[in-house]
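First up is the structure itself, then whatever we jot down about it.
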Amino acid sequence: QVQLVESGGGLVQPGGSLRLSCAASGINFSIYNMGWYRQAPGKQRELVATITVGDSANYRDSVKGRFTISRDNAKNTVYLQMNSLKPEDTAVYYCNAFMNIRAYWGQGTQVTVSS
């Protein structure tokens, strides 16, 4: 059974930082590309960042320079370091594992940026 379990969300003030983690089980983690998505209330889910099996990272423009995605294949975990957080970053953040036509999702973790 494939499981992706996110953690690390919470309430943070503007300008603050959070690190999200996503622990995977039931898959050969090292051969999956990984991604973080987010969905704000009333909006569609959007891609935040991806990291390939070769550690190549890509980001949506609005988070470039503030967010960093990384992976630890020994721990079957992908991370999203989020700095200089803004209120518009408020959303449920989802972890995604994808390879060819296979894709798996976590249950999401809430990130709220507010003073």
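What percentage of the solvent-accessible surface of region 48-115, computed with a 1.4 Å probe over protein heavy atoms, is contributed by carbon and sulfur atoms?
46
If you line up the Cα atoms of the chain on their principal axes, what length do they span on each, largest first, in Å?
Dimensions of the chain along the principal axes of its Cα atoms: 40, 25, 24 Å.
Per residue, how much accessible area does the chain have with a 1.4 Å probe, in Å²?
Each residue of the chain exposes 53 Å² on average to a 1.4 Å probe.
I need the fraction of alpha carbon pairs in region 1-68 separated by more than 20 Å, rounded to a whole percent.
So the portion of pairs separated by more than 20 Å is 38 percent.
Could you tell me the relative contact order of the chain? Use alpha-carbon pairs under 8 Å, at least six residues apart, and round to a whole percent.
36
Place a +1 charge on the Cβ of each Lys and Arg in the chain and a -1 charge on the Cβ of each Asp and Glu, then give the dipole magnitude about the Cα centre in debye, rounded to the nearest 20.
60
Counting DSSP beta bridges with both partners in the chain, what percentage is antiparallel, nearest 5?
Percent antiparallel among DSSP bridges in the chain is about 95.
The values are calculated or read from the model by the stated rules, or taken from the named source; none is laboratory data. This is a predicted model, so every value here is computed, not measured. No Cβ is skipped: glycine too gets one built from the backbone with ideal geometry, and neighbour counts run over all protein chains shown. With ligands, DNA and RNA removed, areas are computed over all heavy atoms of the protein, side chains included. Shrake-Rupley method; radii C 1.70, N 1.55, O 1.52, S 1.80 Å.
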